[in-house]
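The structure appears right after this line, and notes come after that.
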Protein chains: 2
Amino acid sequence: MKERALRAIAECRHIAAMTEEPGRITRRFLTPPTREVHAHLRARMQALGMTVHVDAAGNLRGRSAVAGRRLLLGSHIDTVPDAGAFDGVLGVTLALECADLAREMSLPLAVDVIAFSEEEGVRFGVPFLGSRAVAGRFDPALLALKDDAGHTLAQAIRAYGLDPDQIPAAALDEEALGFLEIHIEQGPVLEAENLSVATVTGIVGQTRLTIEFAGQANHAGTTPMHLRRDALAGAAEWIASVEKQAKRTEGLVATVGKIEVSPNAGNVIAGAARVSLDARHLHDSVRLGAVAEMIEAATTLAERRGLAMQCTHQLDQPAVSMDEKLTAYLADAIEMAGLQQKPMPSGAGHDAMVMAARLPTAMLFLRSPGGISHHPAESVREADVEASLHVMRHFLQRLSAEIR
Amino acid sequence: MKERALRAIAECRHIAAMTEEPGRITRRFLTPPTREVHAHLRARMQALGMTVHVDAAGNLRGRSAVAGRRLLLGSHIDTVPDAGAFDGVLGVTLALECADLAREMSLPLAVDVIAFSEEEGVRFGVPFLGSRAVAGRFDPALLALKDDAGHTLAQAIRAYGLDPDQIPAAALDEEALGFLEIHIEQGPVLEAENLSVATVTGIVGQTRLTIEFAGQANHAGTTPMHLRRDALAGAAEWIASVEKQAKRTEGLVATVGKIEVSPNAGNVIAGAARVSLDARHLHDSVRLGAVAEMIEAATTLAERRGLAMQCTHQLDQPAVSMDEKLTAYLADAIEMAGLQQKPMPSGAGHDAMVMAARLPTAMLFLRSPGGISHHPAESVREADVEASLHVMRHFLQRLSAEIR
């Protein structure tokens, strides 16, 4: 298993060199380095006896030659700009090891591997393009989306030699046991609790909105405190209240990560301040209740301060539960591997969230050292990768036992 | 007086058309429209019998032909980008009316008029270049300052046909009764109290500094609240505390007008936040005490939040008092004009602040409708301008009485 773990990691490092920008890892949807990744993974899949094709959404799909019930494993191969080497890609290289393991153990499982083409939403502003197609949830209207260069999604797909009209055919057309995604946690929880892996109970629901406070820009020296309508002071009061509410609501994360102030000069009272809110929770009712309170707080403080307040919702995405049975199998496998249980929600969206709409889906998290992701310093521990393979071996055996 | 008021206003509107940018009022130090302003004002000064010259710092100086004690009146003719028509210029056009008034009344006063070349600090980043030269406080090191086009201050002066080596000769070389500047308030106080004019007791001292909070950028979904080191949340808490302290300290204004957050993305916890502080008060001890408390608050909250905190002082400028006698004469003149007294500090810097280091100096504020300045909507009320001329007539008479 140690050898498999080292190879899965080495493969991530190897694929990291396939990038749009020399010296940085950046691999957006169907950009030229995607061809290199496809060529490399195609060869590995073929070596495992798989039949390989790229579907019309750019997903590389390796189909097992084993006659048996089908299990899908995989993750995405696109990256954010200046990314790390493991987000997504590790889920693909580990999937290949698992397919090989299943073959080695002669399990009655056909382990298919999917390398999703797009998950990050960087190039066209909308994420999960790959898994949407596989799950049969690809809205054709998406084809009109444009990237920064003005190319539509349809044009990008054609430029890669694929036919966007064939995307419906990319949808899974047969019943499978399920989909399982192995992914780095991209957060600090496992490290803080000194654990290697976790089962994911669900993907949190998410609200994203923008609040704009409008006051009156004015001279910082000549305007007494009582005659000010300071938009930044109002925004600051709101940011503090959002943080307080998130801290007192179990399991809620709420973030103001972006602020734009006008005119943003040291000697001018801010006339306008626009702030973002990103709120997530595993239970939609908790999230929606908290967000309503946050908007109410903004309304109240704006009134008190003589500010205008406008709230614009960008996203209200419900939480998605992972499949109970597959997740229980994973938990059993963790125990059989001699590791401590850790059920936790995923605070980030993943392809598993989209796939869950189509078939039973589960996720296995690996510790992210330093909680660091979406950054060149992103890493994994060899021992954790090895542990995840032990877990997967037990999981594949448990699933096979069900079939027999 | 009404005619004089209307002319002083019309002259401001006329000069407003002399601009670097068609459709906007922008007139930086010694840029081409300065020549038009000089030509126009020179003709008006000469019509009043004055001897006119442009000193080596670009100040246009009209010297009265009257044999008598000298009084200097004036303000600046440069502007901020996209300015209003009255900031500075009104103090020059009213000075011309006052010189004419003194002549008309045959007062034993030689009323000189100065149109300072630079007060706003826009072109070279350092303000008061004109009055520094007249007050004999011009540091030759300033000549090496560069504008955005890479020209030094010395080059800009030479390009205008002047000799920077002669700046020391621009300093006042004789004793005068004093300097008086008429200026719009650029704030909302007189409008809020429904008053036309005010005597300025002094120019507030000012601290400008930057506080940078450094935490850890992280994923907004995967990082639980208790494992965050959110630099923007820290900055927001600090902004709120600055506002609270300013509100409870009589006469203090404190402004956080600028914030820069990194990476400034809605779904990423802020790793760094840099905020500005601008704090002003008429009494240096109050200002310095308050600023020390604000820095202490930043230190304390940074420690509690696990943030690094760095404070960089940009400016610590002491308050400047106006001359007691001249200011008392102005106050008397306001009373004789049948207006209500209003002594107030100036929250903004003015040429009067620099001139006060060289000779007795006083300032008269005029109401700014809407408190608006440094904006095309900047205006004055005719009745207020007329009132200021009545005040100045009484002031000039009072000063003359002293001489006789």
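Observations on the structure shown:
- Cross-link partners of residue B:2 among lysines (Cα-Cα below 25 Å; sequence separation of 8 or more within a chain): B:342
- Each Lys or Arg adds one and each Asp or Glu subtracts one; over the other residues with Cβ under 10 Å from the Cβ of residue B:314, this totals -1.
- Label zone of residue B:39 (point 7 Å out along Cα→Cβ, amide N under 20 Å): in the range B:106-123 this covers B:115-117.
- The range B:1-74 and the range A:331-354 have their alpha-carbon centroids 77 Å apart.
- Whole-Å distance, taken between Cα centres, linking the range A:115-159 and the range A:386-401: 33 Å
- Distance between modelled label sites at residue B:398 and residue A:2, nm, 7 Å Cα→Cβ extension: 9.4 nm
- Accessible area buried by the pairing of B and A, both sides summed with a 1.4 Å probe, works out to roughly 4000 Å².
- Share of carbon and sulfur in the accessible area of the protein assembly as shown stands at 50%, probe radius 1.4 Å.
- Taking the DSSP beta bridges with both ends in chain B, the antiparallel portion is around 70 percent.
- Between 0 and 90 degrees, the angle of helix A:231-248 with respect to the longest Cα principal axis of chain A falls at about 50 degrees.
- Pseudo-label separations to other copies for residue B:23 - Cα-to-Cβ vector, 7 Å, nm: 4.1
- GluC sites (Glu not before Pro) restricted to DSSP loop in the range B:235-326 with at most 13 other C-beta within 10 Å: B:250
- More than 38 Å apart - percent of Cα-Cα pairs taken over the protein assembly as shown: 53 percent
- Eligible lysines near residue B:146 by straight Cα distance, threshold 29 Å, same-chain separation 8 or greater: B:258
- Principal axis dimensions, largest first and in whole angstrom, of the range A:186-293 by Cα: 58, 29, 19
- The share of C-alpha pairs in chain A whose separation exceeds 27 Å stands at 54 percent.
- Using the 1.4 Å probe convention, the accessible area of the range A:205-317 works out to 40 Å² per residue with neighbouring protein chains retained.
The values are calculated or read from the model by the stated rules, or taken from the named source; none is laboratory data. Quantities reported herein were computed from a predicted structural model and do not represent experimental measurements. Quick reminder, even Gly has a Cβ in these numbers, built from the backbone with ideal geometry, and neighbours come from all protein chains shown. SASA here: full protein model, heavy atoms, side chains in, ligands and nucleic acids out. Shrake-Rupley method; radii C 1.70, N 1.55, O 1.52, S 1.80 Å.
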